[in-house]
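Report on one structure; see the data block that follows.
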Amino acid sequence: MANIPAQMRKPLDRHGLSGDQLKTIFRTMLLQRQLDNRGFQLNRQGKVPFALGSEGHEALQAGAAMAFVRGKDILAPYYRDLGLSLGIGLTPYEIMLSIFARAADHNGGRQFPNHYSSKRAGLMSFSSVLAASIPHAVGAAYAIKYRKESGRAVLVTFGDGTTSEGEWHESMNFAAIHKLPIVFLCENNQWAISTPLSLQMGQPDIYKRADGYGMPGEQFDGFDPLATYAAVARAMERARSGGGPTLLEGVCYRFLAHSTDDNDLTYRTREDIAEHRKDDPVPRFENALIEAGVVTPDEVASLKADVLRETNDATDRAEAMPFPAPEELFTHVYEGPWEPWQ
Amino acid sequence: MANIPAQMRKPLDRHGLSGDQLKTIFRTMLLQRQLDNRGFQLNRQGKVPFALGSEGHEALQAGAAMAFVRGKDILAPYYRDLGLSLGIGLTPYEIMLSIFARAADHNGGRQFPNHYSSKRAGLMSFSSVLAASIPHAVGAAYAIKYRKESGRAVLVTFGDGTTSEGEWHESMNFAAIHKLPIVFLCENNQWAISTPLSLQMGQPDIYKRADGYGMPGEQFDGFDPLATYAAVARAMERARSGGGPTLLEGVCYRFLAHSTDDNDLTYRTREDIAEHRKDDPVPRFENALIEAGVVTPDEVASLKADVLRETNDATDRAEAMPFPAPEELFTHVYEGPWEPWQ
Amino acid sequence: MAVATSSSQTLNNVEAVRATLYEALKDDERVVILGEDVGNRGNVFLITKDFIKEFGADRIIDTPIAEASIVGIAVGMAMEGLRPIAEIQFADFIYPAFNQIVGEAAKTRYRSNGEYTCPLVIRTPYGGGVRGALSHSVSVEALFYHVPGLKIVVPSFPADVKGLLNAAIDDPDPVLFLEHKKTYRLIKGEVPSGHYVIPIGKADIKKEGSQLTVVSYGLYVHWALEATKQLETEGMSVEVIDLRSVRPMDKTAILESVRKTRKLLIVHEDNKFGGIGAEISAMVAEEALFDLDAPIRRHCAPDVPAMGYAMPLEEAYMSSPAKMADAMREMVKF
Amino acid sequence: MAVATSSSQTLNNVEAVRATLYEALKDDERVVILGEDVGNRGNVFLITKDFIKEFGADRIIDTPIAEASIVGIAVGMAMEGLRPIAEIQFADFIYPAFNQIVGEAAKTRYRSNGEYTCPLVIRTPYGGGVRGALSHSVSVEALFYHVPGLKIVVPSFPADVKGLLNAAIDDPDPVLFLEHKKTYRLIKGEVPSGHYVIPIGKADIKKEGSQLTVVSYGLYVHWALEATKQLETEGMSVEVIDLRSVRPMDKTAILESVRKTRKLLIVHEDNKFGGIGAEISAMVAEEALFDLDAPIRRHCAPDVPAMGYAMPLEEAYMSSPAKMADAMREMVKF
Ligand SMILES: Cc1ncc(C[n+]2csc(CCOP(=O)(O)OP(=O)(O)O)c2C)c(N)n1
Ligand SMILES: Cc1ncc(C[n+]2csc(CCOP(=O)(O)OP(=O)(O)O)c2C)c(N)n1
Ligand SMILES: [Mg+2]
Ligand SMILES: [Mg+2]
């Protein structure tokens, strides 16, 4: 496919983003998918016991990341946020250290893969316990407001299924009461492992819960990185400027099984998945960028080669690193030395 | 004040209730207030260590009780529901046994006053832990639906402050998903001990949360027993006939301190309370019934004398009963005998 | 303990749980199962696979992700006459339900003076050695065993799983039923056919011995038994008691054995401080102190929050038959 | 232990908590207090009365009724540099926050390999003898003391309250600070002025003695001391150790005392099975067994869900100086 001459280009609503920013979003999406697949490959090769993919979340996460101000904003993510974490500054090498559970990993190989944490990037530590990190995000937002650090906000993400937890409700309510600088971003991939949205809620639109708390709510196409960027940027700006919290719902889809421990064909059909694949946000955005003349097919090809090289390099470097030493089990229980009863 | 001649009567929207039913509602309201005051008196006299009033909730509770079908429906109340409990069949004597913590009390004097439970009346046991009984009510509603016992429904009540608990959210959500035969009735007295509604929610209308769960929500004047009856009867009937759950919000006011352990003048003014007193639902309904010719002032006078006599009698009988024996501490830990390690 | 009979079959622990649940659903209309992914998926370990097809979505309930209400709703079902079996997908996620288990289920009978009861079973997979990291490896028994009104079952053999799960389902009071993930497919055994019950609160001597009493439960019972084989070759005789339930706890069985062997070693996967071993040791120190020829030792996990994901961290946290053999040897030689 | 000095004043435990919180708010901008009714009402025991007027509603935060998020939000504040002091209005209502305390606060440092920390204090009134019935009387320490990553303080004297609360607020890790309701106004004592810290994890010998070691904490320390007065008149010498914190626990102090008196009686208000006394006893049975001249006894509440509201039920559940004296006498004479 050749470059598109100017007069034939399909216009693209850039929401004020520069060509470089559009390319950055696209690159993050490619990198997320590449690293995602790498995790599953390594699992099949028996090199890692567990991997968890995020295919289908690329547009949503890369778009949201573009609305995140590095060095200022705080991200409280969940385990599905590989792309969001890359987008705010984590490196593929850091991702692979987590997948390989090496000593150099931020968590020292203690947590599951995809459970990143990085003070440098403003990425708050979180556990595997769903919704548990949402009040933490609210507390962080409170600290920002308390210290009058205007121009800062917290972005907290969670899946559709996680909105059923009591801690989600309590967090929404408190943030609304105190008009905190926080954006609640639901990545609605329509499944909670095997549980469809229809068994998680009595009505299908998560964003509609915002009214009941007294905050604005908005739903957008999570397969469209620019629609996502626009919605998240608006909400983050509102939060940063004292306008209070927002509940956002990005509708996407989980293309893969929940994790390498799951077989999704036990509860959904190939057809269902194939139907959504037609809409795969990565090729969709690739074409949009080409048709808008933002990138040429050649640039795309070299971008992909680039991303693959980076992934291979990160894989090799991380794999070569040592595991944590057994003695590490006893560190960081409390500050300072700790003599565990044994 | 003399009886009102027919042509001078102010019409009253009876919502299909007979004169006797209207009198029953009024009587329940009088009895609730009388027993309420008795608890506080006994506390001042040093006869009981603790009492908890419900002044301001009489209209709401007597009206709701009229919509409850004895022998069929289930009530999952909270500690403020003296009148509701009377209205579904608890006797003043049973109330007094609870206040005096006597052995013959349903709970054997184990729980705080106002923590009734009665299989006979369909009144589910509950603890002092706010919101904890709401999922129980949902479970009971599930049992009713599961056994296809149409014509039965669960009425669960809670205060405004309790809607902030995670378990409230989880219960609402589950009931909506399964279209359970249950009515969530919030007794919004605008205070949670010292915390005003404005510090409990980001927007003032609790019933508006219903939309987010996919169930109908409705707000009504909780000082009007007939408006309450109409709303609760409608919702209960919907529940009994397979129409699913409803969130109701009755707006009332807490005239007294939270309990005998509280001094509400540390956080609200005499004026604020006096302002609401003008609207006191008990005299308000009394006048309405008289003006509508449903009762005569003489009937009212004898009703009040009656209620006082009943209260005195219940007080004396309950006070004369024995406390639980110390050995009772060891019973009902598990079914059958239990040898506690000591 | 139930033994192999002509009418028995070999099952692993997952199959034993599944078979028992299936029978309960068949036998009693009041039994319903609720939890995350128990329906369409048939539980993440496939324990309830296809149950929803046979028994319907109103009996095999896929709940939202909301542990407090999974248990809380089950409590309400139990109070109103059903026999709910609630599942917490992993024990690590039982904490949000703590209020409903400790504050409500365990006190329903007591607070209502027996007027209301809570015949409820809460099943959940627990334990490590499966690369589960911080949130798919924890032991939770010690966080609940202090609570009167609860019963806590921790079976380790398929035949015990069936007999004790039947007992739990029949029980008129709330039972926390803890299934060790690593034993799920690893441990196979003969399971008698037909309905039978093993009373909750009775320990089982899995191996008789004369020089040392080892008290354990869960996965570690199997490792302890393996360790004793090694010790036998060295001419040492060790008795292994499988508690099977930690509340109520079989004080009699423990004391009898200790009075015979005069030495006690407690072995569990959970960390030591305030763990199950503390109560076992205290019971013996209170009632059989002068029958002891050695201090009471506890061979447990170190006092750290969890085992890490990286293999070296998991191995450093977990014991092993070899480590157990060392601890036993030391006691026997004491 | 801090002693009366020229610059000291007599305070009860409520006043000691209040004075210490006030100083902390004065000294450190990062300190905020959040909980139910802590602002306008100034806490149900008036501990924070009028703080909101002096420090403002953004530092004295009246929260909605939502314990899980009271703690969870405080965890987030702590992770982002504040020094939150979260209040649970009554310990009986801490259960909904169990997930945030045990699963999150206690593991923040560990799971992030030290990159994030959780310098958080959770204050809550606990304990019985106040006609609190099932839900305003519980002891909760035994439900948390098994959890690595947490610290648990249980002071009983005003001077300890101040020194230990200061330590808790300064602590870089999460501390559960349990205040016994009955001691709030009952117990008065000299409290040194100015800022001082009593290290968490150090027990205090409140009375020296030679024939028996009594280990206790909370209200029962006071009752135990009262009981020893009676025993003294009978010529018996009893040592009373106030643990002051149950995690970490001062093993050294306990062992030293037991090696001296050769007898150990553990006394606590909470029920016995799996309670704090279990670990104390197990520690001693493990490290000082042959120094004992009597079995280790635990004088604790019976294994029932709670004390009832009716006076006879509360009295049957609680101990008393007289009951304690009997238990001590028996041990001394053993
Ligand atoms: C409190 C808690 N309960 C259950 C689980 C097990 N679990 C892990 S992921 C998951 C599904 C989450 O679905 P959703 O929130 O939609 O996020 P998604 O995985 O779809 O991105 C469940 C039930 C958990 N991790 N934490
Ligand atoms: C889980 C829990 N947290 C806190 C409390 C303490 N408490 C008792 S009543 C109350 C206020 C309840 O307010 P609301 O729900 O509005 O009911 P109201 O008393 O106004 O009728 C509080 C905080 C409790 N009982 N349970
Ligand atoms: Mg999802
Ligand atoms: Mg209220």
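Quick notes on this structure:
- Cα-based helix-to-principal-axis angle, D:276-287 vs chain D, degrees rounded to 10: 60
- Among the lysines of chain B, pairs at least eight places apart or on separate chains and with Cα atoms under 18 Å apart come to 7.
- Compactness relative to 2.2 N^0.38 Å, alpha carbon Rg of the protein assembly as shown: 0.92
- Vicinal HN-Hα couplings computed from phi for region D:37-47 (Karplus, 6.51 cos²θ - 1.76 cosθ + 1.60; Hz; Gly/Pro x): 6, 7, x, 4, 7, x, 6, 5, 9, 6, 5
- Label distances, nm, residue B:270 versus same residue in remaining copies, Cβ-directed 7 Å point: 8.2
- Between the residues A:210, A:247, A:175, the greatest Cα displacement towards the positive end of the dipole of region A:131-274, with unit charges on the Cβ of Lys, Arg, Asp and Glu, is found for A:175.
- Trypsin sites (Lys or Arg not before Pro) within region B:261-342: DSSP coil, no more than 13 neighbouring Cβ in 10 Å: B:278
- In chain D, the longest principal axis of the Cα atoms and the axis of helix D:251-261 are about 20 degrees apart.
- Angle in degrees between helix D:67-79 and the longest Cα principal axis of chain D, rounded to the nearest 10: 70
- Region D:224-283: projected area of the alpha-carbon convex hull, averaged over directions, in nm²: 4.6
- Of the GluC sites (Glu not before Pro) found in region D:26-65, those that fall in a DSSP loop while having at most 16 other beta-carbon atoms within 10 Å are D:29.
- Kirkwood Rh, angstrom, region A:205-342 [1 / mean 1/r, Cα pairs]: 20.4
- In terms of its Cα atoms, region A:1-133 spans 55, 37, 25 Å along the principal axes, sorted from long to short.
- Remark on residue D:238: its backbone amide H falls under 5 Å from those of D:210, D:211, a criterion applied only to residues 5 or more positions apart or on other chains, H modelled at 1.01 Å from N.
- Environment charge of residue C:320, counting only residues whose C-beta is closer than 10 Å and scoring Lys/Arg +1, Asp/Glu -1: -2
- Per residue of B:216-224, other chain Cβ atoms within 10 Å of the residue Cβ number 0 on average.
- Cα-Cα pairs of chain B separated by more than 25 Å (percent): 53
- Label points for residue A:45 are taken 7 Å from Cα along Cα→Cβ. From this copy to the others they lie 8.5 nm apart, shortest first.
- Other residues lying with their Cβ under 13 Å from the Cβ of residue D:84 contribute a combined charge of -2, Lys and Arg counting +1, Asp and Glu -1.
- Rg over Rh, two decimals, region A:87-230 (C-alpha only, Kirkwood Rh): 0.97
- Quarter of Cα convex hull surface for region A:111-161, i.e. mean projection, nm²: 4.2
- Here the residues A:266, D:63, ranked from fewest to most Cβ neighbours within 10 Å of their Cβ, fall in the order A:266, D:63.
- If R0 is taken as 60 Å, the Cβ-Cβ distance between residue C:290 and residue B:319 corresponds to a FRET efficiency of 0.65.
- Checking every one of the trypsin sites (Lys or Arg not before Pro) in region B:98-153 against DSSP loop status and a limit of 15 other Cβ atoms within 10 Å picks out B:119, B:120, B:147, B:148.
- For chain D, alpha-carbon Rg over 2.2 N^0.38 Å: 0.98
- In chain D, Cα pairs under 8 Å separated by at least six residues give a relative contact order of 17 percent.
- Averaging the sequence gap over all C-alpha pairs within less than 8 Å and six or more residues apart, then dividing by the number of residues, gives region B:100-254 a relative contact order of 23 percent.
- Each residue in D:69, B:128 was given a count of other beta-carbon atoms within 10 angstrom of its own, and listing them fewest first yields B:128, D:69.
- Axis-proximal residue, chain A, for the rotation superposing A on B (Cβ, Å): A:166, 1
- Size of charge dipole - region A:288-342 - debye, nearest 20, with Cβ of Lys, Arg +1 and Asp, Glu -1, no other charges: 120
- If only the Cβ of Lys and Arg carry +1 and only the Cβ of Asp and Glu carry -1, the dipole of region D:36-190 around its Cα centre is close to 380 debye.
- Model label zone, residue B:72; criterion: amide N under 14 Å from point 7 Å along Cα-to-beta-carbon; scope region B:236-254: B:236-243
- Cubic angstrom per residue, convex hull over Cα atoms of region B:138-199: 78
- Cβ neighbours within 10 Å from other chains - mean over A:191-202: 6
- Remark: mean inter-chain Cβ contacts per residue of A:255-264 equal 1, using a 10 Å Cβ-Cβ cutoff to other protein chain atoms.
Where a number appears in this text, it was derived from the coordinates with a stated rule and is not lab data. These figures come from a predicted structure and were not determined experimentally. A quick note on method: Cβ atoms are made from the backbone with ideal geometry, for glycine too, and the neighbour counts reach across all protein chains shown.
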